[in-house]
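Contents: one structure, followed by commentary.
The values are calculated or read from the model by the stated rules, or taken from the named source; none is laboratory data. This one's a predicted model, so the numbers in the text were calculated from it and none came from an experiment. FYI the Cβ positions are ideal-geometry reconstructions off the backbone, even for glycines, and counts take in every protein chain you see. Protein only, heavy atoms only, side chains kept; ligands, DNA and RNA dropped before computing areas. Shrake-Rupley method; radii C 1.70, N 1.55, O 1.52, S 1.80 Å.
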Amino acid sequence: MATIKKTKRPELDEGGMGYLQSLPRRVVTVYLPLLVFVIVLLFPFYWMTITAIKPNLEMTDYANFNPLWVVHPTFEHIRYLLFDTSYPGWLLNTIIISTAATFLSLLAAVFAAYAIERLRFSGARQVGLAIFLAYLVPPSILFIPLSVMVFNLGLYDTPFALILTYPTFLVPFCTWLLMGYFRSIPFELEECALIDGASRWQILTKIVLPLSVPGLISAGIFAFTLSWNEFIYALTFIQSSENKTVPVGVLTELVRSDVYEWGALMAGALIGSLPVVVLYSFFVEHYVSSMTGAVKE
Amino acid sequence: MAVSSAAVQPRPSILSRSLSLLADSRNALGFGFMLPAAALLLVFLTYPLGLGIWLGFTDARIGRPGIFIGIENYQYLSDDAVFWLSVFNTLLYTISASILKFALGLWLALILNQNLPFKSFFRAIVLLPWVVPTVLSAIAFWWIYDSQFSILSWALMEMGLIDHRINFLGDPVNARASVIAANIWRGIPFVAITLLAGLQTIPQSLYEAATLDGASRWQLFRFVTLPLLTPIIAITMTFSVLFTFTDFQLIYVLTRGGPVNATHLMATLSFQRGISGGQLGEGAAIAVAMIPFLLAAILFSYFGLQRRKWQQGGGD
């Protein structure tokens, strides 16, 4: 049994015809292009990091200092960012808004996905398609009417403006992802529970949800990352400096018309990216598999 | 069904029995379960979509509800050279960035599909540009494209390839190329990782069979990989095209539409006129003008999905 399982594992299978390739050929066709891709894709992060810890003198004097390296690293920019600007406040705002929007969207998406995928009420397929189409409606065509609504509802310049509008792209996305996940849970489990007299609510909370924890985690991470990265709504609906989120704050408050404080800007970009990078690095396998799952559907 | 609920509740009252009947009805339960999501989406997505179309027919300004003016906004836009320039820019940006993203993404996916050491490590770091907030990575690109201290200019000058600094964002042609390059940088990971997932569903035995039949490396790609990958390519590229077409953040950070509107996309023009300029009606009309393009892309996606179904022998 064990041997049969082993031969079925894809990673052992993949090297199947690898012996047909000679090493020099592999270097030219695989390793060299990969190296170039990795350097190009990672260079902006390196450049961001090195600028964030460079003293201003080295940053602008390319004649005497190699710009790719830093001779006297300094934490001055980061100190300035954390203590002399509203950056910590923006970070807190972003965390609160992203968390609230994520929970709200997940809650709505779990019920919707379960209803579409398992209750199969009449019209469930059409509703599923409508949810998919809703995901395709971009924020770029919604922000003007939404700003009118937000203003009329008295939500302008409050976190609620963002907490309530982020679900417009989070709910369709999470629902679609969870529908794919629920589909992978065997029907038989639910049938057994139904025969044992469980209600739909009990089935959802005691059988389906515990089994779909990985799906919930990846949907949650996706939703959190998407809200963290959101820009156009946050730019349009928030005006006062203390209510801004990180992407908007960094861009609108740290950039002054005459002098660009590149060190502080890069430090702000770096620290603003860290939470999502850390979150994602813990769950990278979920991330990759569920992203591909979501797209495949 | 009534029997099973009676087993849970030994003495059912009329109320609880009608409740359990309701709970057993698929449609009533489905309606209840759909309610939170449907309410959120109807209020904050469907309604604003309609409101946006309505605003396009009014002369609304910030702080003043507009009156219906028919197609005046659209008449004005059809004579507006800047609007047509933004349409051209958007198409140029979307088409060139999407083609390059697809080519490079597919190439990267094919590389990552090889038997590599540290495979999952490479997959993880390749995704980074996609995970990091676009605005923040765009700020890094802004610094990379700085007219005076650009690291690219410095590197090319050190190598002796150019003798003066490149004005990346100040010149129309350079600015277009620069924003497209930044967009490609950000888009490659998504295309590569989704196509990689598609590649991994292709059974190795097909390649072995084709090799035994004497297929060359190119034939393997052309007649095995590509046909089996077509459905996922269609979907991935539709998403990619949609998001590139409606892009806002990169342009807003790097150029704000300049120099001389050479990089204005429809989304940034809509923001500039609608929010910064206060002409909500005109901004909404520009946004509505994007819808036909989006519908075309969605129809393309729909037929991609149909093709997929057909390849799997129907059903979902």
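General remarks:
- Subset of the range B:28-39 [crowded, with 19+ Cβ neighbours inside 10 Å and modelled with pLDDT under 85]: B:L29, B:G30
- Tally of residues being within 14 Å of chain A (Cβ to nearest Cβ), open to solvent by 60 Å² or more (accessible area, probe 1.4 Å) and assigned to a helix (DSSP H, G or I) across the range B:73-116: 2
- Subset of the range B:128-153 [assigned to a helix (DSSP H, G or I), of a type outside the set (G, A, S) and at the interface with chain A (Cβ under 7 Å from one of its Cβ atoms)]: B:L128, B:P129, B:V131, B:T134, B:V135, B:L136, B:I139, B:F141, B:W143, B:I144, B:I151
- Looking across A:F160, A:F143, A:F111, one residue alone is in a helix (DSSP H, G or I) and open to solvent by less than 30 Å² (accessible area, probe 1.4 Å). It is A:F143.
- Single condition B:F168 does not satisfy, out of (1) within 12 Å of chain A (Cβ to nearest Cβ); (2) within 27 Å of the chain's Cα centre (by Cα); (3) open to solvent by 10 Å² or more (accessible area, probe 1.4 Å); (4) modelled with pLDDT under 90: (1)
Matching residues to (1) more than 10 Å from chain B (Cβ to nearest Cβ); (2) part of a helix (DSSP H, G or I); (3) open to solvent by 10 Å² or more (accessible area, probe 1.4 Å):
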site: A:F43; (1), (2), (3): no, yes, yes
site: A:K54; (1), (2), (3): yes, no, no
site: A:H72; (1), (2), (3): yes, no, yes
site: A:L82; (1), (2), (3): yes, yes, yes
site: A:W90; (1), (2), (3): yes, yes, no
site: A:T94; (1), (2), (3): no, yes, no
site: A:A101; (1), (2), (3): yes, yes, no
site: A:R118; (1), (2), (3): no, yes, yes
site: A:F151; (1), (2), (3): no, yes, yes
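- Screening B:I232 against (1) more than 10 Å from chain A (Cβ to nearest Cβ); (2) assigned to a helix (DSSP H, G or I); (3) hydrophobic (A, V, I, L, M, F, W, C) leaves a single unmet condition, (1).
- The range A:56-70 - residue that is hydrophobic (A, V, I, L, M, F, W, C) and more than 9 Å from chain B (Cβ to nearest Cβ) and, of those, least open to solvent (accessible area, probe 1.4 Å): A:V70
- Within the range B:254-290, considering residues that are of a type in the set (A, V, I, L, M, F, W, C) and more than 10 Å from chain A (Cβ to nearest Cβ), the one nearest to A:P138 (Cα to Cα): B:L269
- Residue match in the range A:174-182 (condition: part of a helix (DSSP H, G or I) and touching a Leu at 6+ places or on another chain (Cβ under 7 Å)): yes
Yes or no, residue by residue, for (1) more than 9 Å from chain A (Cβ to nearest Cβ); (2) of a type in the set (S, T, N, Q); (3) open to solvent by 40 Å² or more (accessible area, probe 1.4 Å):
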residue: B:R26; (1), (2), (3): no, no, yes
residue: B:L41; (1), (2), (3): no, no, no
residue: B:F44; (1), (2), (3): no, no, no
residue: B:P48; (1), (2), (3): no, no, no
residue: B:L51; (1), (2), (3): no, no, no
residue: B:A60; (1), (2), (3): no, no, no
residue: B:R64; (1), (2), (3): yes, no, yes
residue: B:I71; (1), (2), (3): yes, no, yes
